Structures are given as structure tokens and as C-alpha cells.
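Take a look at the structure set out below.
The values are calculated or read from the model by the stated rules, or taken from the named source; none is laboratory data. Just so we're clear, the structure is a prediction, and the values are computed from it rather than from any experiment. With ideal geometry, Cβ positions are generated from the backbone for all residues, glycine too; neighbour counts draw on all protein chains shown. Keep in mind that these areas ignore ligands, DNA and RNA; they rest on the heavy atoms of the full protein, side chains included. Shrake-Rupley method; radii C 1.70, N 1.55, O 1.52, S 1.80 Å.
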Amino acid sequence: MGLTIYYNGVLNSEDSLPELIEVVKEVAEAHSWKYSTFKKKFPEKSFSKKGFDSSVYGICFRPDGCEPVCLSFLSNGHLTSPWMFDFYMEKGEKENISTGLAVKTQYAGAEVHKIIILFLDYLSKKYFREFTLIDESRYWETRDEKELHKNFNYLNNLIDSFASTLKSTKKRKGETLEELIIRAATKVQSKRKIVNRKYKNRK
């Protein structure tokens with residue numbers, strides 16, 4: 001549970017990578033965000049291949065309270081998760097490595113989420129030939145700060161409500177942890193429906 005950004009894309013050229021890494025480093029340092037780099041230069045003519053080698057290229061940065069935001073690539077220029085890449089490479093399942101990333105920003109707050117979206121927008125226009133993004137706050141699509149804060153507040157309240165309900169829900173005899181969590185989530189959902197109906201009736 002938590003507000004998430006999903007994004008995918010392909011760099012416009014192998015020569016873009018070193019400059020992109022430097023730009024990300026500068027922004028991360030300006031905001032006092034931690035960052036880590038992978039390989040900084042693609043092999044020659046790697047973009048002309050459908051396949052990819054055994055290395056990850058690029059950089060990740062991490063604002064406080066946020067999952068790492070990665071600009072990490074396969075050798076053919078496609079975005080990929082460095083952790084999933086390592087996982088499948090270690091298992092010898094290279095064919096299961098997928099492109100695209102997801103990052104939860106819920107606990108970083110609306111303002112940090114906004115900065116990340118605007119930064120990804122800038123990078124996508126300057127360094128990518130293909131780029132898609134789905135933003136659960138809808139700020140990417142709307143640039144509406146009111147809707148951004150509304151969605152953050154809604155999810156924060158939902159998370160708090162679920163945590164409170166889970167804590168107060170007693171485990172039944174023979175009930176598994178998974179069944180307990182589902183029962184607590186169902187309670188929260190039912191409460192939300194009642195509140196929403198009452199709100200609509202007042203309008």
C-alpha cells in the first residue's frame with residue numbers, strides 16, 4: 001500500500017548516459033539526497049542489439065522517506081530495476097528480466113513527489129527517445145497541486161485507518177495472518193463506503 005510512480009523508457013543514444021548521470025548527481029547533491037552509480041558508459045554499438053550484457057548502467061537516488069528512484073539501464077538502453085536484474089541473473093533466468101521501474105513516494109510527502117515528477121519530466125524530454133509514466137497521484141497528467149495533496153492525504157488516512165484497524169482486530173482461532181489482514185482490510189473498506197455515502201448525502 002502506498003502511492004507509486006511507474007515508469008519505463010529507452011535512452012535516445014548511448015552517448016546520453018554520462019551526461020544524464022552527472023545531471024542526476026548534481027540534483028541529488030543539491031537536495032542532500034543519497035545516490036549510487038552503476039557503470040557509466042555503455043559498450044560500443046550496444047544500442048544496435050536486441051539483447052543485453054550482464055551489467056547495469058546508470059544511477060539511483062533516494063530522497064528521505066522514499067524508495068530509490070533509478071535511472072538504471074540494460075546495455076541496450078532500456079530502463080530496468082537493478083535489483084530484479086541481479087535477482088534473475090543470479091538465478092540464470094536472463095529471459096525473465098523486464099524493463100520498467102516502480103517507486104513508492106508515499107512517506108516522502110507530496111512536495112518531494114512533485115520534485116521527482118518534474119525531474120523525470122525534464123530527463124525524459126532531454127535524454128529519452130521513448131518514455132511512459134503512470135502517476136497514482138495524477139500530478140504527472142494534471143500538474144494540479146490540489147489534486148496531488150488530496151491524493152496524498154487520502155492515502156495517508158487510509159494507511160492510518162488500516163494500521164489502527166489491524167491493531168484492534170483480534171485474531172480468531174485457527175486464522176492465518178493473511179486471513180487476519182484481509183479481514184482488517186475489508187473492515188476499512190466497509191467504513192470508507194459508509195463515510196462516502198454520508199458525505200454524498202450531505203451535498
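Quick look at the values:
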| item | result |
| --- | --- |
| Close pairs from the stretch 9-38: first of a type in the set (Ser, Thr, Tyr), partner part of a helix (DSSP H, G or I), Cβ under 6 Å, at least 6 apart | 16/127; 35/28 |
| Positions within the stretch 17-51 being part of a helix (DSSP H, G or I), touching a Ser or Thr at 6+ places or on another chain (Cβ under 9 Å) and at pLDDT below 95, in sequence order | 46, 47 |
| Test: residue in the stretch 7-14 that is within 23 Å of residue 135 (Cβ to Cβ), open to solvent by 50 Å² or more (accessible area, probe 1.4 Å) and either in contact with a Pro (Cβ under 8 Å, 6 or more places away or on another chain) or not hydrophobic (A, V, I, L, M, F, W, C) (or both) | yes |
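Yes/no matrix, rows are residues, columns are (1) under 23 Å from residue 125 (Cα atoms); (2) in contact with a Leu (Cβ under 9 Å, 6 or more places away or on another chain):
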site	(1), (2)
8	yes, yes
38	yes, no
50	no, no
55	no, yes
64	no, no
75	yes, no
78	yes, yes
